[in-house]
């Protein structure tokens with residue numbers, strides 16, 4: 001007869017003491033230690049200054065502790081305030097960094113609201129750390145944008161043309177209900193007396209009037225945007241006309257912009273009632289989503305994000321020049337080469353890069369998948385100078401060297417969005433939890449900062465391991 005196999009003792013309800021030293025809870029290379037080391041190097045004086053302005057109430061939680069917990073959570077792909085509060089209780093690294101404090105989700109959310117711009121500034125500090133570590137060379141950068149879901153449903157959006165129709169329909173309904181309500185009140189007054197309850201139409205009328213007020217507010221906002229754009233165009237044309245007069249040139253040609261009072265939104269211009277600053281955009285999979293456009297510029301060496309921004313403009317091409325300008329502002333120097341997909345192509349964009357001394361690799365046409373044709377022979381500079389901007393870029397990215405440079409984009413910027421957004425087995429940042437362009441821009445900067453910090457942690461950890469070996 002075989003004997004039963006003996007197991008080690010197992011009793012989940014057995015009480016025991018955790019090690020008295022928190023450092024004994026985790027391995028030496030735990031993420032929490034990396035976060036603590038990095039946060040000690042960050043400049044948080046802007047946050048301290050806000051607290052020194054207001055000394056009322058109980059002492060606040062230390063900004064360095066709150067930033068440590070936030071950064072640790074972001075690097076662990078936890079972004080909601082409730083999730084971060086749970087990290088401070090249920091995660092060893094979170095408990096260690098919180099230092100025994102257990103901030104609730106309201107405290108965490110209030111901290112993000114109060115220090116939104118200072119937290120946004122962590123992106124630049126993350127980039128500076130990576131540059132000091134030698135992770136950024138700017139020999140080659142790649143640009144790309146990705147549609148990030150807004151905290152709003154696309155079904156809560158309405159076009160200007162539909163607003164006009166709905167306004168007329170709702171107003172007709174309200175007028176009809178008011179008429180029926182008055183008739184019902186008069187009949188009931190005659191039957192029951194004026195002191196008794198009257199018609200029940202009041203609630204229905206109030207509901208429709210509330211919807212009508214919201215619709216008119218959205219309609220007025222669209223009209224205001226169009227008038228502001230018309231005023232800006234008028235001012236721009238007036239400035240050009242003054243410049244031509246001073247230079248002794250003739251009148252400026254072309255059609256005059258509409259007067260602001262005559263400008264009307266296009267029928268298809270839309271506005272969302274939940275998050276009015278978000279827009280309906282076409283995602284990478286072809287679906288239409290209520291979203292913002294997250295832009296990044298990534299350095300080739302270690303996939304470090306060197307510039308980031310968030311806008312509600314779906315097209316990528318208008319972002320090229322501002323993003324390259326931000327790279328120069330953030331790093332203090334220009335990249336040698338820049339690659340982007342055809343969505344960024346325009347003659348002014350390529351000419352801008354040429355004027356800045358940056359080699360451009362932006363094909364004007366989308367490339368088909370499959371076996372590419374043999375690489376083209378490089379043409380002399382004088383021949384290229386006689387080509388149009390589009391033809392010149394087509395030729396550059398068709399040569400062997402041009403293909404090699406453009407191919408860097410696929411292993412530079414595209415993987416970064418994959419690492420940020422995650423995958424079904426490892427969820428990442430899939431959409432914003434707050435509303436409004438400014439708040440979402442702050443969150444996007446923090447997400448990009450967390451990406452850079454993760455790269456920094458891994459790079460310095462590998463260097464330390466090599467040095468020890």
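Listed from fewest to most Cβ neighbours within 10 Å, the set 426, 6 follows the order 6, 426.
Give me 443, 29 sorted ascending by neighbouring Cβ count inside 10 Å, so fewest comes first. Show your work: numbers first, answer last.
On the way: 443 23, 29 11.
In order of increasing Cβ crowding within 10 Å: 29, 443.
On full extension, the segment bounded by residue 240 and residue 153 gains 27.1 nm, given 0.36 nm per residue less the C-alpha separation.
Maximal additional length on extending the residue 354-residue 433 stretch stands at 24.5 nm, based on 0.36 nm per residue less the C-alpha distance.
A Förster radius of 35 Å, combined with the Cβ-Cβ distance separating residue 315 from residue 40, puts the computed FRET efficiency at roughly 0.25.
Sorted ascending by nearby beta carbons within 10 Å, beginning with the fewest, 447, 89 become 89, 447.
Taken along the Cα-to-beta-carbon direction at a fixed 7 Å, the label points for residue 376 and residue 90 span 5.7 nm.
Sorting the segments 47-56, 106-115 by their residues' average number of neighbouring beta-carbon atoms within 10 angstrom, most packed first, yields 106-115, 47-56. Taking label positions 7 Å along the Cα-Cβ direction at both residue 256 and residue 49, the computed distance is 4.8 nm, reported to one decimal.
For the range 332-386, what D do you get in µm² per second when you plug the Kirkwood radius from alpha-carbon pairs into Stokes-Einstein at 4 °C and 1.567 mPa s? So the translational diffusion coefficient is about 98 µm²/s.
Given bins 10 angstrom wide, list per bin the percent of all Cα-Cα distances in the range 58-155, short to long. Pairs per bin, as whole percents: 13, 36, 30, 18, 3, 0. Rg and Dmax of the range 342-455, both derived from C-alpha coordinates alone, stand at 18.5, 53 Å.
Spatial offset of the range 405-469 relative to the range 32-47 amounts to 18 Å, using the alpha carbon center of each.
Every number in this text was worked out from the coordinates using simple rules, so none of it is lab data. Computed from a predicted model, the values in this text were never measured in an experiment. Using ideal geometry, Cβ is built from the backbone for each residue, glycine included, and neighbour counts are taken over all protein chains shown.
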